[in-house]
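Take a look at the structure below.
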Amino acid sequence: MTVSYLSKSPLQLLSGLLALGACAGGQWANAAGTPAGTNITNIATGTFEPLVPGGPSTAQSNLVTTTVQAVCAVSITPNGSVLAPGQSATLLPGETTTFKYTVVNAGNTTSTLGVAGRVETASGFTPVLAVYHDLNNNGVVDTNEPTVSSVNLPADGSANLLVVVSTDQSARGDAFVNLIGSCSGGVSDADNVSRVTVGPPPELAVDKSFSPALVRPGTETTVTVNTVNGGQGDSREVVLTDILTDQLALGLTFVAGSASVGNNVAGAVLEYSADGTNWQTTEPAQVRGVRVRVPTLKAGARLSLSFRMLAGLAAENRKIPNVATATTGGKAATGTATADVRYLPAVAIGPVGNPEAPEGTAADSQSKTFAVVGQVVCFDHTVKNTGDVRDNFTVTVTYPQGAAKAEFQNASGGPLVQPIALDPGQTAFVRVCYTPAQAGALEALLTVNGDRGTSNQTRDLIAAVEGGLPELVKSSSVAANMTVATGDKITYTLSVRNPYTRPLTNVVVSDPVPAHTDFVGASAGGVVAGPVGTQVVTWNLGTLQPGETRTLTMDTAVSTRAVDGEELKNIFNLVSTELPAPIASNEVKTPVWSAKLVILKEVSEKVATYGDRLTYTLRIRNLSPTTPIVDAIITDNPAVGLEYIAGTTTLAGAAYADPTVTTASTGSTLKWPVAVIPAGGEIVLTYATRVTPQATSTLINTVSVVGNGAGGPNRAIASNRAEASTRLDPLKFAPLGDVVGLVYIDRNRNGLYEEGFDTPVDRARVIMAGGRLALTDKEGRYHFFNVQYGTQAFRLDPNTTPYPPLKVPADGDLSGTQTVHVRGLTSVDFPLAPLGGDINVLRRTVLIAGTVRVEKLVIPVTGGYVVNLNITSPTALEEFVLTDPLPAGATLKEGRNSLTGTLSAGETNLTYRLEGPGEDRAATTDPFVSWRY
C-alpha cells in the first residue's frame, strides 16, 4: 500500500502574488493589488485510491501563512522625452506657461512621493520652474495653492500637479522641462519631458503728430498715431490707445466721425471711450479716448490711427501735449506730440507817428539834452496793433540808466487808461512824463506788452540830469533801542538841505505828530494843527538857497494813550514849487514800555556759617496790564562763598531745570530762562545754595530780570535789581580782620599823611589779591572788612590816580603794590608822588558832548608832562571812543591817551605821561569823543 504525505511552503505561493504586480510597457496596468500586510493562508489537498475498499481517498497538507510586504511605485503622465515631448508651448521672452501633470501612487501602501521640476541639459536656455499642487483641478495656479516638493498619496491615489515655466527677456530657442517623481526606495519616474519654445520678441515704437502743429483757435488739426513692430517676431495682441481727457480740459475737442484706421491690418477693431476707462465700438456723444486693437502685428508691420480735433477759445496760447500708447504682451511704448494753439498777435511802439521804427535803431528813440531832478519832462509816442487779433496793451517803463518817476497821459493831458484795447492796425497816443530822481544821464526803456504775449520797446534819453533829492534826516533824542514811558519827552530833530545849484522856493516841511504822543512845542515858527492824535506841525521855510541847511525841532511827550510794546513812528515830509510831490525823511522808531517788573527776593536765614544751606525765594511780578513778558532771563549773582545746590530749583512750586552756572573769581552767575511772565501776573522761583569756606562777611545776593515785551516789536526790557543778604558768622573757623588806609598826594614825599598839607584822592581804586576792591571816599579813605588773618597783597590802580605811587624802597619800583600781614585792624596807605614837586596845572579844559563830560588836566613835570582825563557819563555807552592827540613832536612814555569799547556809567580816569615837545604852550591839545546811539 502506498501512502502520500502532502506539505506546502511559502515559496510555492509566489506565482500567485506576482500576478498582482504584472507590468505592461513600464506603466502599472492594474490597481495597487493586495495591500501590504495582508496574510495569505493555504492548504493543499491530495486524492488517492484507498488502500482498502471504502477507506479514505483524500488527504490535506499542513496550513501555510504568508504576509504581503509594502511596495512603493510612482507613475507620472503624460510621458515625454527630449526627442518626443509630451507637451509643448510657444512663448515670447518674459512670458510664462503652465504644464499639467498627474502623479499616481502605483504602490500597495500610502507613500510620500517626491516631485521636482528639472531643466534638461539639451535646453537652449534655463527657465525658472515651480511645481504647484492643483487642489481644485482647474489647471491654473490659484492663490491658495502651494508650491510642493512631495505629495502624500494612498495606494492607487493620484494628484494633479502644475509646472509653471517662467522665461526672462534674454530667453531664446527651446528649453526642455521634466517633472521627476521618486520613491524613498529609489524607484523614480523621469520620462515626462515637455518643451518650451521662445521666439524673438516684437519691438513696438510709437510716433505721433498734429497737422498743422500751429493751430488758430476755432480751426481743426489732424492727429496721426503710428506704431511699428520693429522686432524680429510677431506680436501678441496690439492695442494703440490715445486718451484725450487732458486735451479736452485744455480746449481741444474730438471731431465726431473723424477717426479711421490705416494700413489695412487684418482684424483691426476701432473703439471709443466716454470716460477714458471703458471701451465700446460705437462712438459716444463725447469721446475721451480712441484706440485700435489687432490680434497680432507682424514683424515690420505698421498700424495707424488718425482723427481730428477742434481748437476752442479756451485752448488759446496753450501748448497742448498728447501721449499715445501701444501695448502688447505687457510691454508698452509711447509717442508724444504737441499742438500749439494761438493767434499771431504783434505790437509796435515808437516816437509819435513812427511806431514801426525798427527796434534798437536811432529812429526808435527820442532824446533831450537837459533836465533837473524833480522837474517833469515829457515824451510823446504812438502804439500800434500790428497783429491779426484784437488785444489789450499795457505800457511800462524801466531805467537801464538813472532813475525817475513816470506818469502816463493821453492826448488831452489826462491820465492814460490802461490797458489800451486796439483792433488790428489801430493806433493810440501815449505821453510819458518823467520826474528824474538822481543826477546824471537818464535812459528810459518803454515796453508795450499785449495780453496775448507780444511786446515791443522804444527808448527816451536825457543827456544830463542835475542834482538829487533834498537831504532829509530825522533823529530822536532817545537812543536807538531805548524805550520810553508815559510822560517821557521826545525831541525830534529835522534836518533839511538843498543839494542843488539852484534854490528851492516855497519850501514847506510837515511832520505828523505820532498818534500816541502829545505836541509840546516846535522851533522856527512851526505851527500845529488838527485834533489830538492826528496833529501835524508845519513849517513854511520860504526859499532854501543852494547848499543851505535848515534844522528844525519838535518836542513831544508820550501820552497815556501809548500801549506797552508798541513803537512810536515818525517821518516828516517836504514839498516846494520844484518838488510838488512830498519827499519823505527816514523813519524814527521809539518803543514804549511804561510798566516795570517788581522783584522781591527773600533768604531763609539772616545769619549763617560755613556749610549752612540758604534758600532764596524770588517773586517777580509784571506790572504791565496789557503785555506779557516772553523769553525772560532771570540772572542771580551769588556772593563769593555761595555754591548752588543742583536740583533745588522750583517754579510755581514745581521742580524746574537747574540754571546755567558761570563761575568767576568774583562769584558765580546763575541764569534761568522763563518762557512767559503774564501781564499783571507773578512767578515765584526758589533755589538753594551752600555756604563754603570762601565766604566772607555779609553774603549779598543780587538778582535781575531781562525779557521781551510781547504784542509789539519785542523790545528788551530790564528790571530793577533786588538783593538779599545774610551775615556770615564764621564762629571758630576763621579769624577775620579789617584793613583801612589812605590814598593821598604826598607833597613833601615823606610817606606820612599830613592833614591840611597833603591832598586826599577821591575814587581811587585799591584792589586786594583775590579780586576784592574798594574805592576811596572824599577823604581818600578805603576799607576792606572781614579780611582773613595772614599775609595779604594790595595794589593801587594807577589809572584812577593823577600821580604814580611814591617809590617804596622795599619794592624798588613804582608798582603801587604792598604786601602786609593782617591781624586785627591793619593800616595800608598809598602816598602818591607829585611829579616835579607841588602840583602845577599847565592847562585845565572841559569837553562836553551830549551827556558826556571830559575834564583834562596838563601838569608839567621833569622832562615832560602828566595828563589826567576824567570822563563822566550818567549811562553806559557802546562803541565809545576817546582820543587825546599828542602835541606835535611829543612822545608817549607811560600810560595811554585813548579809550575804546563800552564806557561804564559814572566816572572813568585816564592818566598818561609824555615827553616833549619843548615848550609849555605847545603841549596842549583838545580831546574828542564819539559813541553809538
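Look at Ala608 and say whether it is aliphatic (A, V, I, L, M) and either modelled with pLDDT of 85 or more or assigned by TED's automatic domain parsing to the domain that holds Gly526 (or both). Outline the logic, then answer.
Values: aliphatic (A, V, I, L, M): yes; either modelled with pLDDT of 85 or more or assigned by TED's automatic domain parsing to the domain that holds Gly526 (or both): no.
When the stated conditions are applied, Ala608 does not pass them.
In contact with a Gly (Cβ under 7 Å, 6 or more places away or on another chain) and of a type outside the set (S, T, N, Q), is that true of Ala175?
Working: in contact with a Gly (Cβ under 7 Å, 6 or more places away or on another chain): yes; of a type outside the set (S, T, N, Q): yes.
Considered against the rule, which asks whether it is in contact with a Gly (Cβ under 7 Å, 6 or more places away or on another chain) and of a type outside the set (S, T, N, Q), Ala175 comes out as yes.
Can you confirm whether the stretch 67-84 contains a residue that is at pLDDT below 75 and over 30 Å from Gly330 (Cα atoms)?
Looking through the stretch 67-84, at least one residue is at pLDDT below 75 and over 30 Å from Gly330 (Cα atoms).
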### Message
If I ask for residues that are buried (at least 19 other Cβ atoms within 10 Å of the Cβ) and touching a Phe, Trp or Tyr at 6+ places or on another chain (Cβ under 6 Å), which ones from the stretch 762-783 would you list?
### Response
Val766, Ala774, Thr776, Gly780
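Any idea which of Asn226, Asn278 is more than 29 Å from Thr167 (Cα to Cα), under 49 Å from the mean Cα position of the chain (by Cα) and outside any strand (DSSP E or B)?
On the way: Asn226 fails: outside any strand (DSSP E or B).
Only one candidate qualifies: Asn278.
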### Query
Applying the selection to the stretch 258-287, what residues are within 19 Å of Thr221 (Cα to Cα) and loosely packed, with under 11 Cβ neighbours inside 10 Å?
none
### Message
If a residue must be out of contact with any Pro (no Cβ under 9 Å at 6 or more places or on another chain), closer than 13 Å to Val294 by Cβ, of a type outside the set (Gly, Ala, Ser) and touching a residue at least 24 places away in the same chain (Cβ under 8 Å), how many such residues does the stretch 227-268 contain?
### Response
8
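Check the stretch 249-258 and report whether any residue there is within 18 Å of Asp207 (Cα to Cα), part of a loop (DSSP other than H, G, I, E, B) and not hydroxyl-bearing (Ser, Thr, Tyr).
Start the filter on the stretch 249-258 by keeping residues that are within 18 Å of Asp207 (Cα to Cα), which leaves none.
No, there is no match, as no residue in the stretch 249-258 is within 18 Å of Asp207 (Cα to Cα), part of a loop (DSSP other than H, G, I, E, B) and not hydroxyl-bearing (Ser, Thr, Tyr).
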#### Entry: Single match in Thr660, Thr702 (criterion: closer than 25 Å to Thr609 by Cα and in the same structural domain as Val603 (by TED's automatic domain parsing))
Thr702
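Take residues that are β-branched (Val, Ile, Thr) and tell me which of the strands (runs of 3 or more DSSP E) falling wholly in the stretch 320-398 contain 2 or more. Give the steps one after another, and end with the answer.
Numbers: elements: 331-341, 347-351, 365-368, 377-385.
Of the strands (runs of 3 or more DSSP E) lying wholly inside the stretch 320-398, those with at least 2 residues that are β-branched (Val, Ile, Thr) span 331-341, 347-351, 377-385.
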### Query
Looking at the stretch 123-132, is at least one residue modelled with pLDDT under 95 and under 30 Å from Thr253 (Cβ atoms)?
no
### Query
Among strands (runs of 3 or more DSSP E) lying entirely in the stretch 847-929, which contain 1 or more residues that are under 21 Å from Asp762 (Cβ atoms), more than 46 Å from the chain's Cα centre (by Cα) and basic (Lys, Arg)?
852-861
### Task
Name the single residue, out of those in the stretch 344-365 being surrounded by fewer than 18 Cβ atoms within 10 Å (Cβ to Cβ) and not small (Gly, Ala, Ser), that is farthest from Asn498 (Cα to Cα).
Leu344
### Query
Any residue in the stretch 147-154 that is touching a Gly at 6+ places or on another chain (Cβ under 9 Å) and touching a residue at least 60 places away in the same chain (Cβ under 8 Å)?
no
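Could you list all residues from the stretch 661-694 that are β-branched (Val, Ile, Thr) and within 22 Å of Leu597 (Cα to Cα)? Please lay out each step first, then the result.
Filtering the stretch 661-694 for residues β-branched (Val, Ile, Thr) gives 661-663, 666, 669, 674, 676-677, 683-684, 686, 689, 691-692.
Result: Thr669, Val674, Val676, Ile677, Ile683, Val684, Thr686.
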### Query
List the pairs whose first member sits in the stretch 277-301 and is over 19 Å from Phe254 (Cβ atoms) and in the same structural domain as Glu237 (by TED's automatic domain parsing), whose second member is surrounded by 15 or more Cβ atoms within 10 Å (Cβ to Cβ) and basic (Lys, Arg), and whose Cβ atoms are under 7 Å apart, counting only residues at least 6 apart or on separate chains?
Thr296/Arg236
### Task
Answer yes if at least one residue in the stretch 489-506 is part of a strand (DSSP E or B), of a type in the set (Phe, Trp, Tyr) and in contact (Cβ under 8 Å) with a residue 24 or more places away in the chain, and no otherwise.
yes
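Can you pull out the residues in the stretch 172-189 that are in a strand (DSSP E or B) and of a type in the set (Gly, Ala, Ser)?
Gly173, Ala175, Gly181, Ser182, Ser188
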### Flag for Val292 being within 47 Å of the chain's Cα centre (by Cα), of a type in the set (A, V, I, L, M) and assigned to a strand (DSSP E or B)
no
#### Entry: Sole exception among (1) at pLDDT below 95; (2) assigned to a strand (DSSP E or B) for Ala562, by number
(2)
### Task
For the stretch 661-673, indicate whether the set of residues that are free of Cβ contacts under 8 Å to residues at least 12 places away in the same chain and in contact with a strand residue (DSSP E or B) (Cβ under 7 Å, 6 or more places away or on another chain) is non-empty.
yes
### Message
Condition first: outside any loop (DSSP other than H, G, I, E, B), among the hydrophobic types (A, V, I, L, M, F, W, C) and crowded, with 16+ Cβ neighbours inside 10 Å. Now tell me which residues in the stretch 399-433 satisfy that.
### Response
Ala404, Ala406, Phe408, Ile420, Leu422, Ala428, Phe429, Val430, Val432
### Task
Could you please find all residues in the stretch 898-933 being at pLDDT below 80 and among the β-branched types (Val, Ile, Thr)?
Thr924
### Message
For a quick check of your reading of the model, give me the residue pairs whose first member lies in the stretch 434-452 and is under 29 Å from Asn385 (Cα atoms), whose second is outside any strand (DSSP E or B) and of a type in the set (Phe, Trp, Tyr), with beta-carbon atoms closer than 8 Å and at least 6 apart or on different chains.
### Response
Arg452/Tyr343
### Query
Before we move on, is Ala315 more than 30 Å from Arg236 (Cβ to Cβ) and either charged (D, E, K, R) or at pLDDT below 95 (or both)?
yes
### Task
Take the residues in the stretch 233-257 that are closer than 18 Å to Leu303 by Cβ and of a type outside the set (A, V, I, L, M), then tell me which one is surrounded by the most Cβ atoms within 10 Å (Cβ to Cβ).
Ser235
### Summary
Screening Asn160, Asn152 for residues that are farther than 28 Å from Pro93 by Cβ, in contact with a Lys or Arg (Cβ under 9 Å, 6 or more places away or on another chain) and either assigned to a strand (DSSP E or B) or among the basic types (Lys, Arg) (or both) leaves only Asn160
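A quick yes/no check of all residues on (1) touching a Ser or Thr at 6+ places or on another chain (Cβ under 9 Å); (2) farther than 30 Å from Gln788 by Cα; (3) surrounded by 20 or more Cβ atoms within 10 Å (Cβ to Cβ):
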{"position": "Tyr610", "(1), (2), (3)": "yes, no, no"}
{"position": "Thr615", "(1), (2), (3)": "yes, no, no"}
{"position": "Tyr656", "(1), (2), (3)": "yes, yes, no"}
{"position": "Thr662", "(1), (2), (3)": "yes, no, no"}
{"position": "Leu685", "(1), (2), (3)": "yes, yes, yes"}
{"position": "Ala688", "(1), (2), (3)": "yes, no, no"}
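Among what's in the stretch 624-640 and is assigned to a loop (DSSP other than H, G, I, E, B) and in contact with a strand residue (DSSP E or B) (Cβ under 6 Å, 6 or more places away or on another chain), pick the residue that is nearest to Trp593 (Cα to Cα). Let's see the steps before the verdict.
Step one: list which residues in the stretch 624-640 are assigned to a loop (DSSP other than H, G, I, E, B), which gives 624-628, 638-640.
Those still in the list that are in contact with a strand residue (DSSP E or B) (Cβ under 6 Å, 6 or more places away or on another chain) too: 627-628, 638-640.
Details: Thr627: 9, Pro628: 12, Pro638: 29, Ala639: 31, Val640: 35 Å.
Going through the qualifying residues, I end up with Thr627.
The values are calculated or read from the model by the stated rules, or taken from the named source; none is laboratory data. Treat the numbers as computed from the prediction; the structure is a model and nothing was measured. No Cβ is skipped: glycine too gets one built from the backbone with ideal geometry, and neighbour counts run over all protein chains shown.
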